[in-house]
Each structure stands twice: as C-alpha cells, then as structure tokens.
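Q: Could you have a look at this structure, given as structure tokens, before my questions?
Only the coordinates and a few stated rules stand behind these numbers; no lab work does. Given the structure is predicted, the values throughout are model-derived calculations rather than measurements. Virtual Cβ from ideal backbone geometry, glycine too; neighbours counted across all protein chains shown.
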Amino acid sequence: MNKEQILAHVQSQMTEKRFTHTLGVMETARKLANQYGSNADSAELAAMIHDVAKCWPVKDQAAYILEHKLDASLLNYEKELWHAEVGAHYAREQYGITDQNICDAIRYHTSGRPDMSLLEKIVWVADYIEPNRAFEGVKKARKLAEISLEETMLYGLNSTIMFLLEKNKMVYPTTMYARNDILMQLTQED
C-alpha cells in the first residue's frame with residue numbers, strides 16, 4: 001500500500017476527532033524529525049498508523065492481542081496501552097510495514113520503553129504535544145520539545161505516572177523503566 005492508501009484506511013478505522021489528532025501527530029512528527037535529524041517520511045508514516053486500533057472496541061483489541069499471541073501481559077494494565085501493541089502488529093500485517101523502527105515507534109508511542117530510538121522518541125513526543133492537545137501542561141511540553149526530546153519525555157512520563165498514581169491505577173512497568181532511562185540519559189549529559 002502507498003501512503004495515501006494507508007491514510008485512507010487508517011481514517012476508516014477511527015472517529016473524525018481521532019483522525020484530526022492523527023493528522024496533528026503526523027505534522028508534528030515530521031517537524032520534529034526535521035529538527036532532530038531523523039527521517040521525516042518514517043516519522044510521518046509511524047505517526048499516521050500510531051492510533052489505527054485506538055477506536056476499536058476494547059474487546060476487539062484484547063481478542064487481537066490473544067489471537068496473534070502478542071504481549072498478553074498488557075491486558076493486566078490500562079486498556080489505553082493495548083492499541084499500540086495491536087497497531088504495531090497491524091502495521092506489519094495490514095500495511096506491509098517491515099521497518100522495525102517504524103513498528104517500534106508505533107508500539108511504544110504510549111508506554112515508552114528504555115533505550116528508545118530517535119524515531120520512537122519523536123513519535124512519542126509528537127503524540128503528546130500535537131496542536132489539538134489541550135491538557136494542562138501541554139504548552140510547557142511544547143516549549144520543552146523545542147530544545148530536547150528527552151526533557152519533553154521526562155516531563156510527559158512524570159505527568160502520566162503522577163496521573164495514574166492519583167487515580168490509584170497501576171503503572172505499566174515499561175513506562176517506569178522508560179522514565180528512569182530518560183532520567184539517566186539526562187543526568188549523564190550534565
């Protein structure tokens with residue numbers, strides 16, 4: 001499939017609001033890729049697909065994870081994580097995406113992980129700060145993104161973890177590992 005076909009199919013999988021978000025992530029990912037010296041086409045493609053399964057019913061996401069023998073431990077955590085695992089696999093199966101870096105950027109755009117590639121960081125940050133986001137602190141995150149992907153990620157991961165703790169929700173371990181890894185990277189830079 002070419003990019004136009006993928007985009008049309010992605011659009012068919014989501015609400016208008018989610019598609020508007022996707023377009024914002026694509027634009028932001030391309031901008032960040034250019035700013036930080038990554039492949040803008042790869043960033044845009046990963047951003048295009050990142051939420052392909054987000055609007056699927058939760059039961060369908062869970063069934064897909066089990067049917068395709070993906071990481072079933074995710075089912076013990078917040079359902080907001082599931083679509084990323086499904087989306088990465090779906091990108092390979094449905095769209096023929098063979099670039100592991102693109103698939104990983106889709107897979108880890110919500111949870112993060114230790115040792116993230118530049119592309120993974122770009123898609124994670126783009127998803128967090130795209131122009132349609134309006135949460136408290138997004139302006140600060142956008143300013144941080146102008147100077148450091150890692151600073152932006154630390155800010156975002158800290159906010160996400162605090163939100164989950166305040167709601168008495170479980171924190172996915174990989175998210176905590178991602179946060180600690182980014183913190184170590186920033187500490188080593190000092």
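Q: Would you mind calculating the relative contact order of the chain from Cα pairs under 8 angstrom and at least 6 residues apart, reporting the percent as a whole number?
A: 21 percent
Q: Work out how much length T98 to H68 would gain on full extension: take 0.36 nm times their residue separation and subtract the Cα-Cα distance, in nm to one decimal.
A: Between T98 and H68, full extension yields an extra 9.1 nm.
Q: In nm, to one decimal, how far is the A134 label point from the Y177 one, both placed 7 Å along Cα→Cβ?
A: Simple spin-label model gives 3.7 nm for this pair.
Q: Let me ask you something else. I'd like to compare 161-170, 79-88, 95-104: which one has the highest average count of other Cβ atoms within 10 Å, and what's the full order after that?
A: 79-88, 95-104, 161-170
Q: Using only alpha carbon positions, build the gyration tensor of the chain, then give the equivalent ellipsoid semi-axes as the square roots of 5 times its eigenvalues, largest first, whole angstrom.
A: 24, 20, 16
Q: Sticking with this structure for a sec: State, to one decimal in nm, how far the label point of N2 lies from the label point of N34, with both points 7 Å from Cα in the Cβ direction.
A: 2.2 nm
Q: Which pairs break 26 Å Cα to Cα here: K121/K169; K17/K143; K3/K143?
A: The answer is K3/K143.
Q: Just to verify a number: FRET efficiency for L75 and Q11, C-beta to C-beta distance, R0 = 22 Å, to 0.05?
A: Efficiency for this residue pair is about 0.20.
Q: L165 to S148: extension gain in nm, 0.36 nm per residue of separation minus the Cα-Cα distance?
A: 3.5 nm
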